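**Q** Structure incoming, see below.
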Amino acid sequence: MKRVTGTAFMCAAAVTVSLSMADIAKAECGDVTIAEMNWASASLMANVDKIILQEGYGCNAELIPGDTMPTFTSMNEKGAPDVAPELWVNAFKEPLQKAIGEGRLVSANAGPITGLGEGWWVPSKFLEDNPELNTVEKILERPDLFPYSENKSKGAFMTCPSGWACQLANANLYRAFEMEKKGWVLVDPGSSAGLDGSISKAVDRGENWFGYYWSPTSMIGKYNLQKLDFGIPFAGKDNWDNCLVKPEKECASPKKSAWVNS
């Protein structure tokens, strides 16, 4: 799910009024809806866009709740909301490019935030204590180091909350690496707060944690999480776009792969 931080995706109908000449925009902009996602950088961008559209272009700008997949689907099919300041698009790159090519969406502004990345992470202390376990493939052989709270005989891998675009890629990689056979449980944290809480709880207790996350974020900095090399190369665009980011019924034979570059 490639994260396009600060890149405003806009419904084509909105672009002519909100991004044309200032005088026309002030006179005709009208109502503009902006998707505010539930993570810090996206919320920041949404509020900045609201100020710019209101104060600079005279729009009646409104923030509405959003999330990557539902927001993209709604913009693509219904033309609303008008603006998505930030999206993770690795799960739907082809549909997005099609929507842009057919004029339904416009990429209005390149993202100003750099250092982006998503993948599988562990706390730095884990790598200090276990320097030999420095790739995903090596860690997968040691589920005993990440005991699942509900079944200590299994290792816990913390995935994305249900409904997030990254959930499908994690679930299919779980199958591709045969993690269940190796003694792992795919744990749904339930929410963004649940995911963050699982990290805080583990690190504060001096316990190991292994799961999905992204950067730049405050959690990565606060808990000094380290992104892992998968120990294998990226298995190609076709495997990622046409299998790993699809529902299980559309991805019968997922191949092991590193995470796609963001």
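The values are calculated or read from the model by the stated rules, or taken from the named source; none is laboratory data. Because the structure is predicted, anything quoted here is derived from the model rather than measured. Ideal geometry is used to build each Cβ from the backbone, glycine not excepted, and the neighbour counts take in all protein chains shown.
**Q** Output the number of the condition that A169 fails; it satisfies all remaining conditions of (1) farther than 22 Å from R142 by Cβ; (2) among the aliphatic types (A, V, I, L, M); (3) outside any helix (DSSP H, G or I).
**A** (3)
**Q** Among the residues of the range 194-220, how many are of a type outside the set (V, I, T) and either in a loop (DSSP other than H, G, I, E, B) or not assigned by TED's automatic domain parsing to the domain that holds A156 (or both)?
**A** 7
**Q** Still on this structure, I have one more. With the checklist (1) surrounded by 14 or more Cβ atoms within 10 Å (Cβ to Cβ); (2) in contact (Cβ under 8 Å) with a residue 60 or more places away in the chain; (3) touching a strand residue (DSSP E or B) at 6+ places or on another chain (Cβ under 9 Å) in hand, flag the one item S43 doesn't pass.
**A** (2)
**Q** While we're here: Is the range 173-182 home to any residue that is part of a helix (DSSP H, G or I), under 17 Å from the mean Cα position of the chain (by Cα) and surrounded by fewer than 17 Cβ atoms within 10 Å (Cβ to Cβ)?
**A** no
**Q** Is it the case that some residue within the range 221-239 is of a type in the set (A, V, I, L, M), buried (at least 20 other Cβ atoms within 10 Å of the Cβ), part of a helix (DSSP H, G or I) and in contact (Cβ under 8 Å) with a residue 60 or more places away in the chain?
**A** no
**Q** When the residues of the range 67-124 are filtered to those that are modelled with pLDDT of 85 or more and hydroxyl-bearing (S, T, Y), which remaining residue is surrounded by the most Cβ atoms within 10 Å (Cβ to Cβ)?
**A** T71
**Q** Mind listing whichever residues of the range 194-209 are out of contact with any Pro (no Cβ under 9 Å at 6 or more places or on another chain) and of a type outside the set (S, T, N, Q)?
**A** Correct list: K201, D204, R205, G206.
**Q** If I go through the range 209-262 residue by residue, how many of them are among the aliphatic types (A, V, I, L, M), touching a Phe, Trp or Tyr at 6+ places or on another chain (Cβ under 8 Å) and over 18 Å from C160 (Cβ atoms)?
**A** Counting residues in the range 209-262 that are among the aliphatic types (A, V, I, L, M), touching a Phe, Trp or Tyr at 6+ places or on another chain (Cβ under 8 Å) and over 18 Å from C160 (Cβ atoms) gives 0.
**Q** Separate question: State which residue pairs qualify: first residue part of a loop (DSSP other than H, G, I, E, B) and inside the range 134-150, second residue of a type in the set (S, T, Y) in any location, beta carbons under 7 Å apart, and separation of 6 or more residues or different chains.
**A** none
**Q** Okay, next question. Scan the range 67-102 residue by residue and report those that are in contact with a helix residue (DSSP H, G or I) (Cβ under 8 Å, 6 or more places away or on another chain), more than 20 Å from E118 (Cα to Cα) and of a type in the set (G, A, S).
**A** G79, A80, A99
**Q** Hey, can you tell me all the residues within the range 55-106 that are assigned to a strand (DSSP E or B) and either out of contact with any strand residue (DSSP E or B) (no Cβ under 9 Å at 6 or more places or on another chain) or of a type in the set (A, V, I, L, M) (or both)?
**A** A61, L63, I64, V83, A84, L87, L105, V106
**Q** Within the range 203-210, can one find any residue that is surrounded by fewer than 18 Cβ atoms within 10 Å (Cβ to Cβ), within 23 Å of E141 (Cβ to Cβ) and either among the basic types (K, R) or over 16 Å from the mean Cα position of the chain (by Cα) (or both)?
**A** yes
Residue-wise test of (1) within 23 Å of the chain's Cα centre (by Cα); (2) in the same structural domain as S200 (by TED's automatic domain parsing); (3) at pLDDT 95 or above; (4) crowded, with 16+ Cβ neighbours inside 10 Å.
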| residue | (1), (2), (3), (4) |
| --- | --- |
| D129 | no, yes, yes, no |
| E132 | no, yes, yes, no |
| D144 | no, yes, yes, no |
| Y148 | no, yes, yes, yes |
| S153 | no, yes, yes, no |
| T159 | yes, yes, yes, yes |
| W164 | yes, yes, no, yes |
